[in-house]
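Written below as structure tokens is the structure these notes are about.
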Amino acid sequence: MDETKELLRLREELKEHSRRYYDEDAPTITDAEYDALLRRLEILEAAHPELDDPTSPTRRVGGHVASGFQPVSHPVPLESLSDVFSEEELTDFCAKMEQENVTREYTVEPKVDGLSMALFYEDGVFVRGATRGDGRTGEDVTENLKTIRSIPRRLNGVKGRLIVRGEVFMPVSVFEALNAERELSGEKLLANPRNAAAGAMRQLDPKVTAARKLDILIFNVQLCEERSFLTHAESLSYLKDLGFPVIPWTICTDAPGCLREIRSIGEGRENYDYGIDGAVVKLNKLSDRAYLGSTSKAPRWAIAYKYPPEVKESVLRQIVVQVGRTGVLTPKAVFDPVRLAGTTVMNATLHNQDFIAEKDIRIGDTLRIRKAGEIIPEVLGVVMEKRPDGTEPYRLPETCPVCGAAVLRDEDGAAMRCTGAECPAQLTRTITHFASKDAMDIDGLGPSLVQALVDAGMVKSPADLYDLTEEPVAALERMGQKSAENLIRAIQGSKTAGMARVLYALGIRQVGAAAARTLALRFGSMEALMAADEEILEAVEDVGPITAANIAGWFRGEQSKHLISRLKEAGVSMASTEEAADTRLAGQTIVLTGTLSSMSRSEAEGRIQALGGKAASSVSKKTSLVVAGENAGSKLAKAESLGVKVIGEEEFLDMIK
């Protein structure tokens, strides 16, 4: 490729990757891959000075100020660091420093993989906190920072302004627990702690941030009006005495000493409860730093040593299938233990059947494994030349490994899901949904209490709720006699909720509250619905072939039949309460256009649906009528061209009275 074209392409590609990394917290390439692209761009720019561009990714710090946060100017810019990737480059950096006739003293610190932040204090009081942003202007995230307990809110005896810089991170222990929870719930795993921390800091609700249990390490004094310092180490000691959580540091006097400390940090990565992607080497004497100054992007007196990504090989011994709370089957590779990024790794997620098939992963294969973001073990692929004879392509089981129910693939994705109505792996979620407001509406039975009931072995199926009694419920933590009485009363009262609510509570895929009402109105009883085949179900308005298959398949399951039977035995009404509903708009498709003065569009659509009609978004020959409010647009013109009846707001209100 022509170097000029490659240079221009790389600039745009890196700008897009920076946007995803800094602004969306959703990178699509690894740090190592980004660094390699950036190094290539630096080489090309050095060879083509005539293409100089001050907005190049090689000369700018990454982020922007997001909407929703007020901009904050940094009195002292928050610079990024230049990276090196080999011990030779680190030695060259130290040699260059010594040629400048500066003091041969360095600090070496772990490079925390988090979100850079400035904390502002006035007369010892924490008044503001801001992200790095583009280095000169960041985002005001003060309220979110106040949720981090290790940040001092007041510093005793400090006068004037003090600005310190640190790295906000999600502890590895918190990150792993959060991902374990997400895996059980069938949610997408977070890529790494850095993105998790950045996403939490950009929440507009501080309560959400607080739930992520973030922490911070301070690594620099940006501005101190009260006193001056001779060395960086002296300033860190000062911050530590004030009560800040300060990055650990070591003083070294030459390149070999720096390299020994860098190796020590790398080998001891498992001892840190935060992700690190390298080590930082800085000149210790502050006057030397002032003498050397900075480039447009980075200081000349510091360097970041990046650890190379480790890739190891290991033999796949088995694939274990876990069932999450939403019923999704997740395959996990179990392989011979290997050391990666300082820890022993012996398993990694294989995501889904498509991932396994794409990489053709088979039991007995030698896998290539790395740690994504230095935290999550990741399978890169198979070493095909080491594949033993007789291996077979792997397929996920067709029945749930927990309860034995049939497994079906999601129609809109790659997930394989257990269909068991009483699957133990899904129990907490199943009962929480069963008790929810649009389902059986059991007041007081939220997720925490459901979990407590499950943990105590008091419920193993939604039907068990109706066997609960006050005394054992009252003995649960945070319960009492009165709370237990109210809960049992609410459970017993839900028996008369009717077929539509019961049907929605069963959690059949694609059967929401509206579809459940339609089915209850059409069939009148659970027995009639259970007897309907897919052809009959498809004839019901708004029930397509996929939904019909889901309904028929669910009722064919043995667990489903058992659950329905037990609910009936408990006295739960399975008869429809929808027969007497007002269906004056049944069979009519109505389109709203323009603005209604008496109600919102969602309210109007809700009234149409409640009266048996269908609220559509576009006009066609099948449209029954169009309701035209103020400033009606193209839908009105189309209705007139098709000869569709048009009415005004007043007539519509008379119709739905």
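List every residue whose amide H lies under 5 Å from the amide H of residue 307, counting only residues 5 or more places away in sequence or on a different chain, with H placed 1.01 Å from N in the peptide plane.
Correct list: 278, 279.
From the backbone phi of region 361-369, what are the Karplus-calculated ³J(HN,Hα) couplings (6.51 cos²θ - 1.76 cosθ + 1.60, θ = phi - 60°) in whole Hz, Gly and Pro given as x?
Computed from phi, the couplings for region 361-369 are 8, 10, 5, x, 5, 8, 9, 9, 10 Hz.
Summing Lys, Arg as +1 and Asp, Glu as -1, what charge do residues with Cβ under 10 Å from the Cβ of residue 51 carry, residue 51 excluded?
Local net charge: -4.
Can you run phi through the Karplus equation (6.51, -1.76, 1.60; θ = phi - 60°) for region 213-223 and list ³J(HN,Hα) in whole Hz, with x for Gly and Pro?
Per-residue couplings from phi come out as 6, 6, 9, 8, 10, 8, 9, 7, 8, 7, 8 Hz.
With the dipole of region 424-569 worked out from charges on the C-beta (+1 for Lys and Arg, -1 for Asp and Glu) around the Cα centre, which of 494, 472, 563 lies farthest toward the positive end?
472
Which of the listed residues, 291, 197, 252, is farthest toward the dipole's positive end in region 71-306, when Lys, Arg count +1 and Asp, Glu count -1 at the beta-carbon?
Of the options given, the answer is 197.
Which aspartates and glutamates, if any, have their Cα less than 16 Å from the Cα of residue 561, not counting same-chain residues under 8 positions apart?
Hits, sequence-local ones excluded: 422, 464, 527, 533, 569.
Calculate the dipole size of region 71-306 relative to its Cα centre from +1 charges on Lys and Arg beta carbons and -1 charges on Asp and Glu beta carbons; express the result in debye to the nearest 20.
680
Along region 116-121, what does the Karplus equation 6.51 cos²θ - 1.76 cosθ + 1.60 (θ = phi - 60°) give for ³J(HN,Hα), rounded to whole Hz, x for Gly and Pro?
6, 8, 10, 10, 9, 10
Is there a quick way to get the dipole size of region 424-569? I mean about its Cα centre, with the Cβ of Lys and Arg at +1 and of Asp and Glu at -1; what is the value in debye to the nearest 20?
The dipole magnitude comes to about 180 debye.
What length, rounded to one decimal in nm, is gained on full extension from residue 15 through to residue 53, with 0.36 nm per residue of separation minus their alpha-carbon distance?
12.4 nm
Can you give me the angle between helix 87-99 and the longest principal axis of the chain, using Cα atoms only, in degrees from 0 to 90, rounded to the nearest 10?
Once rounded, one gets 40 degrees.
Write out the trypsin sites (Lys or Arg not before Pro) in region 394-478 meeting two conditions: DSSP loop, and at most 16 other Cβ atoms within 10 Å of their Cβ.
Sites meeting the loop and neighbour criteria: 395, 437, 460, 478.
Where in region 123-207 are there trypsin sites (Lys or Arg not before Pro) that are in a DSSP coil and have at most 16 other Cβ atoms within 10 angstrom of their Cβ?
Answer in residue order: 136, 146, 149, 153, 159, 188.
Would you mind getting me the FRET efficiency between residue 339 and residue 391? Use the beta-carbon distance for r and R0 = 25 Å, nearest 0.05.
Once rounded, the FRET efficiency stands at 0.45.
Hey, can you grab everything whose amide H is under 5 Å from the amide H of residue 415? Only 5+ residues off in sequence or another chain; H modelled, so Pro and N-termini drop out.
410
Take the Cβ-Cβ distance between residue 173 and residue 514 as r, set R0 to 45 Å, and report the resulting FRET efficiency rounded to the nearest 0.05.
0.55
Helix 481-493 versus the longest principal axis of the chain: what is the Cα-based angle in degrees, 0 to 90, to the nearest 10?
Between helix and principal axis, roughly 50 degrees.
Any idea what angle helix 232-242 forms with the longest principal axis of the chain, computed on alpha-carbon atoms, 0 to 90 degrees, nearest 10?
So the inclination is approximately 50 degrees.
So if I place +1 on the C-beta of Lys and Arg and -1 on the C-beta of Asp and Glu, and nothing else carries charge, what would the dipole magnitude of the chain be about its Cα centre? I want it in debye, nearest 20.
900
How many percent of Cα pairs in the chain exceed 37 Å?
Roughly 56 percent, once rounded to a whole number.
Write out the GluC sites (Glu not before Pro) in region 385-478 meeting two conditions: DSSP loop, and at most 14 other Cβ atoms within 10 Å of their Cβ.
398, 411, 477
Using the structure shown, select from 437/614; 207/614; 146/482; 332/460; 15/285 the pairs with a Cα to Cα distance greater than 32 angstrom.
Over 32 Å Cα-Cα: 207/614; 146/482; 15/285.
Each reported figure results from applying straightforward, stated rules to the coordinates on display, with no laboratory input. Everything numeric in this text was worked out from a predicted model, so none of it was measured. Every residue, glycine as well, gets a Cβ built from its backbone with ideal geometry; the counts of neighbours run over all protein chains shown.
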